[in-house]
Amino acid sequence: MMRHLALLAVLSAGSLAAPLLRGTPGTLKEAFAPHFHVGAALNTEILTVADHPARALVTRHFSSITAANAMKWGPFNPEPGVYVTEPADALLTLAEAHGMQVIGHTLFWHQQTPRWVFQDVQGGPISREALLERMRERVRLLAKRYGERVHLWDVVNEAIEDDGSLRKSAWHRILGADFVPEAFRIAGEELPASVQLIYNDYSMFLPGRRDAVVTMVRDLQARGLRIDGVGMQGHWGLDFPRIEDAEAAIVAFAATGVRVHITELDVDVLPRSPDMFGADLNKRAQISPENNPYTDGLPTEIQEKLARRYAEIFALFVRHADKIDRVTFWGVTDGDSWLNGFPVRGRTNHPLLFDRANQPKPALEAVIGVAAGK
Ligand code: G3I
(Lines give C-alpha, C1' and ligand atoms only; values in the text may rest on other atoms or scores of the structure.)
Protein backbone atom coordinates (compact mmCIF):
# COMPACT_ATOMS: atom_id res chain seq x y z
CA MET A 1 0.00 0.00 0.00
CA MET A 2 2.90 2.38 0.75
CA ARG A 3 4.05 2.68 -2.85
CA HIS A 4 0.46 3.36 -3.82
CA LEU A 5 0.11 6.08 -1.19
CA ALA A 6 3.32 7.81 -2.21
CA LEU A 7 2.16 7.95 -5.82
CA LEU A 8 -1.22 9.21 -4.72
CA ALA A 9 0.29 11.98 -2.63
CA VAL A 10 2.47 13.20 -5.49
CA LEU A 11 -0.44 13.19 -7.92
CA SER A 12 -2.78 14.92 -5.47
CA ALA A 13 -0.34 17.78 -5.03
CA GLY A 14 -0.34 18.65 -8.73
CA SER A 15 -2.72 19.32 -11.60
CA LEU A 16 -3.29 15.59 -12.15
CA ALA A 17 -5.45 15.51 -9.03
CA ALA A 18 -8.79 15.67 -10.85
CA PRO A 19 -8.51 12.47 -12.93
CA LEU A 20 -7.14 10.69 -9.90
CA LEU A 21 -10.04 11.79 -7.70
CA ARG A 22 -12.51 10.47 -10.23
CA GLY A 23 -10.91 7.09 -9.59
CA THR A 24 -11.40 7.29 -5.83
CA PRO A 25 -13.20 4.09 -4.98
CA GLY A 26 -16.63 4.19 -3.44
CA THR A 27 -17.77 6.09 -0.43
CA LEU A 28 -17.10 5.80 3.28
CA LYS A 29 -20.65 4.79 4.12
CA GLU A 30 -20.76 2.06 1.49
CA ALA A 31 -17.31 0.76 2.30
CA PHE A 32 -18.04 0.38 6.01
CA ALA A 33 -21.72 -0.61 5.77
CA PRO A 34 -20.92 -4.23 6.77
CA HIS A 35 -19.11 -2.95 9.87
CA PHE A 36 -20.49 0.30 11.31
CA HIS A 37 -22.02 3.68 10.48
CA VAL A 38 -19.61 6.41 9.43
CA GLY A 39 -20.61 9.88 10.60
CA ALA A 40 -19.56 13.51 10.59
CA ALA A 41 -20.15 16.47 12.88
CA LEU A 42 -21.57 19.48 11.06
CA ASN A 43 -21.06 23.07 12.08
CA THR A 44 -23.92 25.55 11.97
CA GLU A 45 -22.81 26.97 8.59
CA ILE A 46 -22.98 23.60 6.88
CA LEU A 47 -26.36 23.00 8.50
CA THR A 48 -27.95 26.30 7.56
CA VAL A 49 -26.38 27.24 4.20
CA ALA A 50 -28.20 24.99 1.72
CA ASP A 51 -25.59 25.28 -1.05
CA HIS A 52 -22.59 24.96 1.29
CA PRO A 53 -19.91 23.11 -0.73
CA ALA A 54 -19.25 20.55 2.05
CA ARG A 55 -22.88 19.35 1.85
CA ALA A 56 -22.16 17.18 -1.19
CA LEU A 57 -19.45 15.35 0.76
CA VAL A 58 -21.78 14.85 3.71
CA THR A 59 -24.58 13.27 1.70
CA ARG A 60 -22.17 11.19 -0.39
CA HIS A 61 -19.94 9.75 2.32
CA PHE A 62 -21.75 9.67 5.65
CA SER A 63 -24.62 7.64 7.09
CA SER A 64 -24.82 9.48 10.42
CA ILE A 65 -24.65 13.18 11.32
CA THR A 66 -24.14 15.10 14.54
CA ALA A 67 -24.46 18.82 15.20
CA ALA A 68 -21.08 20.13 16.38
CA ASN A 69 -22.85 22.76 18.49
CA ALA A 70 -26.53 23.27 17.62
CA MET A 71 -28.08 20.88 20.16
CA LYS A 72 -25.92 21.82 23.14
CA TRP A 73 -27.75 23.61 25.93
CA GLY A 74 -26.20 27.04 25.29
CA PRO A 75 -26.65 27.30 21.51
CA PHE A 76 -30.12 25.66 21.67
CA ASN A 77 -31.56 27.39 24.73
CA PRO A 78 -29.34 30.42 25.48
CA GLU A 79 -31.78 32.13 27.86
CA PRO A 80 -34.73 30.86 29.87
CA GLY A 81 -37.62 30.30 27.47
CA VAL A 82 -35.53 31.26 24.39
CA TYR A 83 -34.93 28.47 21.90
CA VAL A 84 -32.77 28.62 18.76
CA THR A 85 -34.01 25.58 16.91
CA GLU A 86 -33.23 26.34 13.27
CA PRO A 87 -29.78 24.67 13.02
CA ALA A 88 -30.96 21.60 14.98
CA ASP A 89 -34.11 21.34 12.85
CA ALA A 90 -31.90 21.63 9.75
CA LEU A 91 -29.83 18.67 10.98
CA LEU A 92 -32.97 16.51 11.06
CA THR A 93 -34.22 17.76 7.71
CA LEU A 94 -30.89 17.01 6.05
CA ALA A 95 -30.63 13.58 7.68
CA GLU A 96 -34.16 12.58 6.74
CA ALA A 97 -33.76 13.72 3.14
CA HIS A 98 -30.73 11.46 2.75
CA GLY A 99 -31.46 8.52 5.05
CA MET A 100 -28.80 9.45 7.59
CA GLN A 101 -28.94 8.68 11.30
CA VAL A 102 -29.13 11.68 13.70
CA ILE A 103 -26.91 11.81 16.78
CA GLY A 104 -27.94 14.17 19.60
CA HIS A 105 -24.94 15.96 21.08
CA THR A 106 -25.20 16.57 23.98
CA LEU A 107 -27.73 16.74 26.81
CA PHE A 108 -25.40 17.68 29.68
CA TRP A 109 -21.88 19.09 29.49
CA HIS A 110 -19.84 21.50 31.62
CA GLN A 111 -19.02 23.61 28.51
CA GLN A 112 -21.56 25.58 26.50
CA THR A 113 -24.14 25.43 29.26
CA PRO A 114 -25.43 28.90 30.10
CA ARG A 115 -24.74 30.26 33.57
CA TRP A 116 -28.47 30.77 34.20
CA VAL A 117 -28.99 27.00 34.27
CA PHE A 118 -27.20 26.89 37.62
CA GLN A 119 -28.74 30.05 39.08
CA ASP A 120 -32.02 30.99 40.71
CA VAL A 121 -33.91 34.19 39.77
CA GLN A 122 -31.77 36.27 42.15
CA GLY A 123 -28.58 34.93 40.55
CA GLY A 124 -27.75 32.74 43.55
CA PRO A 125 -26.95 29.02 43.29
CA ILE A 126 -29.93 26.89 42.36
CA SER A 127 -31.07 24.01 44.60
CA ARG A 128 -30.46 20.38 43.72
CA GLU A 129 -34.19 19.77 43.16
CA ALA A 130 -34.55 22.83 40.92
CA LEU A 131 -31.54 21.80 38.82
CA LEU A 132 -32.88 18.28 38.38
CA GLU A 133 -36.20 19.77 37.29
CA ARG A 134 -34.45 22.05 34.77
CA MET A 135 -32.56 19.05 33.37
CA ARG A 136 -35.83 17.17 33.05
CA GLU A 137 -37.50 20.11 31.28
CA ARG A 138 -34.68 20.19 28.72
CA VAL A 139 -34.95 16.48 27.95
CA ARG A 140 -38.75 16.57 27.90
CA LEU A 141 -38.72 19.39 25.38
CA LEU A 142 -36.18 17.61 23.16
CA ALA A 143 -38.17 14.37 23.43
CA LYS A 144 -41.34 16.17 22.38
CA ARG A 145 -39.70 18.04 19.52
CA TYR A 146 -37.50 15.28 18.09
CA GLY A 147 -38.48 12.01 19.83
CA GLU A 148 -37.39 8.90 17.94
CA ARG A 149 -36.09 10.99 15.05
CA VAL A 150 -32.89 11.35 17.06
CA HIS A 151 -31.28 7.91 17.09
CA LEU A 152 -28.99 8.45 20.07
CA TRP A 153 -28.12 11.07 22.68
CA ASP A 154 -24.78 11.73 24.31
CA VAL A 155 -26.45 11.99 27.70
CA VAL A 156 -23.41 13.17 29.63
CA ASN A 157 -20.26 14.55 28.05
CA GLU A 158 -16.86 14.65 29.79
CA ALA A 159 -17.76 14.20 33.48
CA ILE A 160 -14.54 12.38 34.37
CA GLU A 161 -10.96 13.69 34.64
CA ASP A 162 -7.79 12.05 33.27
CA ASP A 163 -7.09 10.43 36.64
CA GLY A 164 -10.58 8.96 36.92
CA SER A 165 -11.93 11.44 39.47
CA LEU A 166 -15.22 13.23 38.88
CA ARG A 167 -14.84 16.58 37.11
CA LYS A 168 -15.44 19.45 39.54
CA SER A 169 -17.98 21.20 37.33
CA ALA A 170 -21.08 23.21 38.22
CA TRP A 171 -22.99 19.93 37.84
CA HIS A 172 -20.76 18.32 40.42
CA ARG A 173 -20.96 21.30 42.78
CA ILE A 174 -24.74 21.03 42.96
CA LEU A 175 -25.43 17.32 42.37
CA GLY A 176 -22.16 15.73 43.53
CA ALA A 177 -21.70 12.08 42.55
CA ASP A 178 -25.39 11.87 41.62
CA PHE A 179 -24.89 13.96 38.46
CA VAL A 180 -24.28 11.08 36.05
CA PRO A 181 -26.88 8.64 37.46
CA GLU A 182 -29.53 11.38 37.66
CA ALA A 183 -28.80 12.45 34.09
CA PHE A 184 -29.27 8.87 32.85
CA ARG A 185 -32.39 8.47 35.00
CA ILE A 186 -33.97 11.57 33.45
CA ALA A 187 -32.91 10.61 29.90
CA GLY A 188 -34.22 7.07 30.36
CA GLU A 189 -37.56 8.31 31.69
CA GLU A 190 -38.16 11.14 29.23
CA LEU A 191 -36.83 9.84 25.90
CA PRO A 192 -38.48 7.09 23.84
CA ALA A 193 -37.20 3.59 24.64
CA SER A 194 -35.73 3.22 21.13
CA VAL A 195 -33.38 6.17 21.61
CA GLN A 196 -29.87 5.01 22.53
CA LEU A 197 -28.26 6.62 25.59
CA ILE A 198 -24.48 6.91 25.80
CA TYR A 199 -21.72 8.42 27.95
CA ASN A 200 -19.11 10.35 25.91
CA ASP A 201 -15.56 11.44 26.81
CA TYR A 202 -12.09 12.17 25.41
CA SER A 203 -8.70 10.48 26.12
CA MET A 204 -10.47 7.23 26.93
CA PHE A 205 -7.20 5.37 26.32
CA LEU A 206 -5.87 6.73 29.64
CA PRO A 207 -6.22 3.93 32.18
CA GLY A 208 -7.55 6.32 34.86
CA ARG A 209 -10.46 7.54 32.77
CA ARG A 210 -11.06 4.18 31.08
CA ASP A 211 -11.37 2.31 34.37
CA ALA A 212 -13.53 5.02 35.93
CA VAL A 213 -15.90 4.86 32.94
CA VAL A 214 -16.12 1.07 33.24
CA THR A 215 -16.96 1.49 36.95
CA MET A 216 -19.52 4.17 36.08
CA VAL A 217 -21.26 1.97 33.48
CA ARG A 218 -21.42 -0.93 35.96
CA ASP A 219 -22.79 1.39 38.65
CA LEU A 220 -25.55 2.63 36.33
CA GLN A 221 -26.40 -0.95 35.39
CA ALA A 222 -26.48 -1.99 39.07
CA ARG A 223 -28.95 0.82 39.77
CA GLY A 224 -31.19 -0.44 36.96
CA LEU A 225 -30.51 2.65 34.83
CA ARG A 226 -30.24 2.24 31.08
CA ILE A 227 -26.94 3.00 29.34
CA ASP A 228 -26.57 1.62 25.83
CA GLY A 229 -23.10 2.71 24.91
CA VAL A 230 -19.86 4.50 25.57
CA GLY A 231 -18.54 7.16 23.20
CA MET A 232 -14.78 7.39 22.77
CA GLN A 233 -14.24 10.82 21.23
CA GLY A 234 -11.00 10.05 19.39
CA HIS A 235 -9.23 13.41 19.27
CA TRP A 236 -5.99 11.66 18.43
CA GLY A 237 -2.63 12.47 16.87
CA LEU A 238 -0.11 11.01 14.43
CA ASP A 239 1.74 9.33 17.29
CA PHE A 240 -0.78 8.97 20.09
CA PRO A 241 -2.50 7.04 21.47
CA ARG A 242 -0.79 3.71 20.98
CA ILE A 243 -3.18 1.43 19.06
CA GLU A 244 -3.02 -1.13 21.86
CA ASP A 245 -4.15 1.47 24.42
CA ALA A 246 -7.13 2.48 22.29
CA GLU A 247 -7.87 -1.20 21.76
CA ALA A 248 -7.77 -1.92 25.51
CA ALA A 249 -10.42 0.76 26.03
CA ILE A 250 -12.69 -0.61 23.26
CA VAL A 251 -12.42 -4.09 24.77
CA ALA A 252 -12.99 -2.86 28.34
CA PHE A 253 -16.14 -0.89 27.44
CA ALA A 254 -17.60 -3.71 25.36
CA ALA A 255 -16.99 -6.14 28.25
CA THR A 256 -19.59 -4.22 30.30
CA GLY A 257 -22.21 -5.22 27.72
CA VAL A 258 -22.63 -1.81 26.06
CA ARG A 259 -21.89 -0.75 22.48
CA VAL A 260 -18.85 1.33 21.60
CA HIS A 261 -19.11 4.50 19.49
CA ILE A 262 -16.13 6.45 18.15
CA THR A 263 -17.76 9.84 18.37
CA GLU A 264 -15.31 12.63 17.50
CA LEU A 265 -12.46 11.30 15.41
CA ASP A 266 -9.71 13.53 14.05
CA VAL A 267 -5.93 13.23 13.80
CA ASP A 268 -4.00 16.35 14.79
CA VAL A 269 -0.93 16.79 12.53
CA LEU A 270 0.49 19.86 14.31
CA PRO A 271 3.03 19.95 17.12
CA ARG A 272 1.57 19.91 20.62
CA SER A 273 3.31 20.19 23.95
CA PRO A 274 2.90 17.06 26.08
CA ASP A 275 0.37 18.65 28.44
CA MET A 276 -1.92 19.65 25.56
CA PHE A 277 -3.54 16.33 24.75
CA GLY A 278 -7.23 15.62 25.15
CA ALA A 279 -9.91 18.22 24.54
CA ASP A 280 -9.79 20.31 27.70
CA LEU A 281 -10.82 23.68 26.32
CA ASN A 282 -9.20 25.51 29.23
CA LYS A 283 -5.77 24.62 27.88
CA ARG A 284 -4.48 27.13 25.33
CA ALA A 285 -1.07 28.13 23.92
CA GLN A 286 0.32 30.97 21.77
CA ILE A 287 0.75 30.65 17.99
CA SER A 288 4.33 30.60 16.58
CA PRO A 289 5.98 29.54 13.28
CA GLU A 290 7.24 26.41 15.06
CA ASN A 291 3.79 25.22 16.11
CA ASN A 292 2.08 26.26 12.85
CA PRO A 293 4.35 24.80 10.12
CA TYR A 294 1.83 23.78 7.39
CA THR A 295 0.13 27.03 6.44
CA ASP A 296 0.78 26.34 2.72
CA GLY A 297 -0.48 22.77 2.74
CA LEU A 298 0.64 19.43 4.06
CA PRO A 299 4.03 18.15 2.82
CA THR A 300 3.79 14.82 1.01
CA GLU A 301 5.62 13.00 3.76
CA ILE A 302 3.11 14.15 6.42
CA GLN A 303 0.20 13.49 4.08
CA GLU A 304 1.40 9.90 3.76
CA LYS A 305 1.94 9.63 7.49
CA LEU A 306 -1.63 10.81 8.07
CA ALA A 307 -2.94 8.25 5.57
CA ARG A 308 -0.98 5.45 7.26
CA ARG A 309 -2.19 6.57 10.67
CA TYR A 310 -5.83 6.61 9.55
CA ALA A 311 -5.35 3.17 8.00
CA GLU A 312 -4.07 1.68 11.26
CA ILE A 313 -6.86 3.36 13.23
CA PHE A 314 -9.54 1.96 10.90
CA ALA A 315 -7.87 -1.46 10.90
CA LEU A 316 -8.34 -1.39 14.69
CA PHE A 317 -12.01 -0.42 14.32
CA VAL A 318 -12.67 -3.14 11.75
CA ARG A 319 -11.01 -5.74 14.01
CA HIS A 320 -13.52 -4.74 16.69
CA ALA A 321 -16.47 -4.08 14.41
CA ASP A 322 -18.54 -6.56 16.45
CA LYS A 323 -18.35 -4.04 19.33
CA ILE A 324 -18.52 -0.74 17.42
CA ASP A 325 -21.75 0.81 16.09
CA ARG A 326 -20.41 4.02 14.58
CA VAL A 327 -17.31 6.03 13.79
CA THR A 328 -17.97 9.78 13.54
CA PHE A 329 -15.42 12.34 12.33
CA TRP A 330 -15.42 15.67 14.18
CA GLY A 331 -15.88 17.81 11.10
CA VAL A 332 -16.06 17.27 7.34
CA THR A 333 -13.12 19.21 5.85
CA ASP A 334 -9.87 20.52 7.31
CA GLY A 335 -11.21 24.06 7.02
CA ASP A 336 -14.08 23.46 9.42
CA SER A 337 -12.12 21.55 12.08
CA TRP A 338 -12.07 22.84 15.66
CA LEU A 339 -8.34 21.94 15.64
CA ASN A 340 -7.59 25.15 13.71
CA GLY A 341 -8.41 26.87 17.00
CA PHE A 342 -7.26 24.42 19.67
CA PRO A 343 -5.03 24.26 21.64
CA VAL A 344 -3.57 27.24 19.75
CA ARG A 345 -5.86 29.77 18.07
CA GLY A 346 -5.46 30.57 14.38
CA ARG A 347 -3.38 27.62 13.18
CA THR A 348 -3.78 25.72 9.90
CA ASN A 349 -4.48 22.11 10.78
CA HIS A 350 -5.14 19.17 8.44
CA PRO A 351 -6.80 16.50 10.61
CA LEU A 352 -9.62 15.11 8.42
CA LEU A 353 -10.09 13.13 5.19
CA PHE A 354 -11.08 16.13 3.00
CA ASP A 355 -8.96 19.23 2.47
CA ARG A 356 -9.89 22.93 2.50
CA ALA A 357 -10.99 22.74 -1.14
CA ASN A 358 -13.41 19.89 -0.26
CA GLN A 359 -11.15 17.42 -2.07
CA PRO A 360 -10.39 13.90 -0.81
CA LYS A 361 -6.95 13.46 0.72
CA PRO A 362 -4.82 10.31 0.39
CA ALA A 363 -6.15 9.36 3.84
CA LEU A 364 -9.63 8.84 2.35
CA GLU A 365 -8.39 6.22 -0.06
CA ALA A 366 -6.30 4.61 2.69
CA VAL A 367 -9.36 4.36 4.96
CA ILE A 368 -11.60 2.97 2.22
CA GLY A 369 -8.80 0.54 1.36
CA VAL A 370 -8.98 -0.87 4.90
CA ALA A 371 -12.66 -1.73 4.42
CA ALA A 372 -11.79 -3.43 1.16
CA GLY A 373 -9.12 -5.49 2.97
CA LYS A 374 -6.20 -3.83 1.10
O1 G3I B 1 -21.57 30.94 17.55
C2 G3I B 1 -20.65 31.88 18.10
C3 G3I B 1 -20.65 33.13 17.30
O4 G3I B 1 -21.91 33.73 17.39
C5 G3I B 1 -19.54 34.05 17.82
O6 G3I B 1 -19.45 35.17 17.02
C7 G3I B 1 -18.20 33.34 17.82
C8 G3I B 1 -17.08 34.19 18.42
O9 G3I B 1 -16.12 33.40 19.08
O10 G3I B 1 -18.32 32.19 18.61
C11 G3I B 1 -19.28 31.29 18.10
O12 G3I B 1 -19.34 30.19 18.95
C13 G3I B 1 -18.24 29.28 18.87
C14 G3I B 1 -18.83 27.94 18.50
O15 G3I B 1 -17.83 26.96 18.57
C16 G3I B 1 -19.40 27.91 17.09
O17 G3I B 1 -18.43 28.21 16.16
C18 G3I B 1 -17.59 29.24 20.24
O19 G3I B 1 -16.94 30.46 20.50
C20 G3I B 1 -16.61 28.10 20.30
O21 G3I B 1 -16.12 27.96 21.62
C22 G3I B 1 -17.28 26.82 19.88
O23 G3I B 1 -16.34 25.78 19.86
C24 G3I B 1 -16.90 24.48 19.92
C25 G3I B 1 -16.32 23.75 21.11
O26 G3I B 1 -16.85 22.43 21.14
C27 G3I B 1 -16.62 24.52 22.39
O28 G3I B 1 -17.35 23.98 23.25
C29 G3I B 1 -16.50 23.74 18.65
O30 G3I B 1 -17.12 24.35 17.53
C31 G3I B 1 -16.93 22.29 18.74
O32 G3I B 1 -16.40 21.57 17.65
C33 G3I B 1 -16.39 21.69 20.04
O34 G3I B 1 -16.79 20.36 20.13
C35 G3I B 1 -16.37 19.63 21.28
C36 G3I B 1 -17.45 18.61 21.58
O37 G3I B 1 -18.68 19.26 21.71
C38 G3I B 1 -17.12 17.81 22.83
N39 G3I B 1 -15.80 17.23 22.75
C40 G3I B 1 -14.73 18.11 22.38
C41 G3I B 1 -15.05 18.86 21.09
C42 G3I B 1 -13.92 19.73 20.67
O43 G3I B 1 -13.72 20.77 21.59
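The values are calculated or read from the model by the stated rules, or taken from the named source; none is laboratory data. Since the structure is predicted, the reported quantities are computational estimates derived from the model, not experimental observations. Positions of Cβ are generated from backbone atoms using ideal geometry, with glycine treated the same way; all protein chains shown enter the neighbour counts. For accessibility, only protein heavy atoms count, side chains too; no ligands or nucleic acids. Shrake-Rupley method; radii C 1.70, N 1.55, O 1.52, S 1.80 Å.
Straight-line reach from Lys168: which aspartates and glutamates have Cα under 12 Å away, leaving out those fewer than 8 places along the same chain?
Glu158
Heavy atoms only, probe 1.4 Å: what % of the accessible area of region 272-374 goes to carbon and sulfur, would you let me know?
Looking at region 272-374 in its full context, I get 50 percent from C and S.
I'd like to know how region 220-374 sits against the 2.2 N^0.38 Å rule of thumb: what's its Cα Rg over that expected value? Please list the in-between numbers first.
On the way: Rg = 16.5 Å, N = 155, 2.2 N^0.38 = 15.0 Å.
It is 1.10.
Along its three principal axes, how long is the chain when you only count alpha carbons? Whole Å, largest extent first please.
Reported extents, whole Å, longest axis first: 63, 44, 42.
Taking R0 as 51 Å, what's the FRET efficiency between Leu238 and Asp120 from their Cβ-Cβ distance, rounded to 0.05?
According to the calculation, E is roughly 0.60.
Note down the relative contact order for region 155-222 as a percent, whole number, built from C-alpha pairs under 8 angstrom at least six residues apart. Don't jump to the answer; show the numbers that get you there.
Numbers: 58 pairs, mean separation 32.5, N = 68.
Reported relative contact order: 48 percent.
Out of the DSSP beta bridges found with both residues in region 140-240, what percent are antiparallel (nearest 5)? Display every interim value, and only then the final one.
Values: 1 of 10 bridges.
Around 10 percent of the beta bridges assigned by DSSP in region 140-240 are antiparallel ones.
Quick check on region 35-170: what does the Kirkwood estimate of hydrodynamic radius come out to from the alpha carbon pairs, in Å? Mind dumping the intermediate values first?
Numbers: mean 1/r = 0.0619 Å⁻¹.
Evaluated on region 35-170, it is 16.2 Å.
Could you state the angle between the C-alpha long axis of helix 128-146 and the longest principal axis of the C-alpha atoms of the chain, as a value from 0 to 90 degrees rounded to the nearest 10?
Once rounded, one gets 50 degrees.
D for region 172-295, whole µm²/s, Stokes-Einstein with Kirkwood Rh over alpha-carbon pairs at 25 °C and 0.890 mPa s: what number?
Working: Rh = 16.3 Å.
Answer, rounded: 151 µm²/s.
Once you treat every alpha carbon in region 182-231 as an equal point and sum by Debye, what is log10 I(q)/I(0) at q = 0.26, 0.28, 0.32 Å⁻¹?
Values, matching the q order: -1.00, -1.09, -1.25.
For Asp219 and Asp51, calculate 0.36 nm times their separation in residues minus their Cα-Cα distance, and state this gained length in nm to one decimal.
On the way: separation 168, 0.36 × 168 = 60.48 nm, distance 4.64 nm.
So the extension gain works out to 55.8 nm.
All other residues with a Cβ under 10 Å from the Cβ of Leu298 taken together, and with Lys, Arg as +1 and Asp, Glu as -1, what is their net charge?
Working: positive: Lys305, Lys361; negative: Asp296, Glu301, Glu304, Asp334, Asp355.
Net local charge, Leu298 excluded: -3.
Pairing the Cα long axis of helix 300-319 with the longest principal axis of the chain, what angle in degrees results, from 0 to 90 and rounded to the nearest 10?
The angle comes out at about 50 degrees.
Exceeding 20 Å between C-alpha atoms, which entries from my cross-link table qualify? They are Lys29/Lys305; Lys305/Lys374; Lys29/Lys144; Lys305/Lys361; Lys29/Lys361; Lys72/Lys323. The partial results should precede the final answer.
Working: Lys29/Lys305 23 Å; Lys305/Lys374 17 Å; Lys29/Lys144 30 Å; Lys305/Lys361 12 Å; Lys29/Lys361 17 Å; Lys72/Lys323 27 Å.
Where the Cα-Cα span goes over 20 Å, the pairs concerned are Lys29/Lys305; Lys29/Lys144; Lys72/Lys323.
Would you mind classifying region 104-184 by shape? Square roots of the alpha carbon gyration tensor eigenvalues, ordered a ≥ b ≥ c; an a/c under 1.5 is rounded, otherwise it is prolate if a/b is larger than b/c and oblate if not.
Details: a/c = 2.03, a/b = 1.16, b/c = 1.75.
Judged from the Cα gyration tensor, region 104-184 comes out oblate (a/c at least 1.5, b/c at or above a/b).
Over region 150-309, what is the percentage of antiparallel beta bridges among all DSSP beta bridges, to the nearest 5?
Values: 1 of 17 bridges.
Beta bridges within region 150-309, antiparallel portion: roughly 5 percent.
If I take every Cα pair under 8 Å that is 6 or more residues apart in the chain, average their sequence separation and divide by the length, what percent do I get for the relative contact order?
Dividing the mean separation by the residue count of the chain yields 18 percent.
What is the antiparallel percent of DSSP beta bridges lying wholly in region 217-374, to the nearest 5?
Working: 1 of 14 bridges.
Antiparallel bridges make up about 5 percent of those DSSP assigns within region 217-374.
Can you give the helix-only mean residue ellipticity at 222 nm for the chain, where every DSSP H stretch with n ≥ 4 adds -39500 (n - 2.57) and the sum goes over all residues, rounded to the nearest 500 deg cm²/dmol?
Values: 14 runs with 145 residues, N = 374.
Dividing the helical sum by the residues of the chain leaves -11500 deg cm²/dmol.
Leaving out ligands and nucleic acids, note down the accessible area per residue over the chain with a 1.4 angstrom probe, in whole Å².
Details: 15210 Å² over 374 residues.
Value for the chain: 41 Å² per residue.
Over 5 Å intervals from 0, what percent of Cα-Cα pairs in region 282-374 sits in each interval?
In whole percents, the pair-distance histogram is 3, 13, 20, 22, 18, 13, 8, 3, 1.
Rounded to the nearest 0.05, what FRET efficiency do Thr85 and Glu137 have when you use their Cβ-Cβ distance and R0 = 22 Å?
On the way: r = 15 Å, r/R0 = 0.69.
Taking R0 as 22 Å, the efficiency between Thr85 and Glu137 is 0.90.
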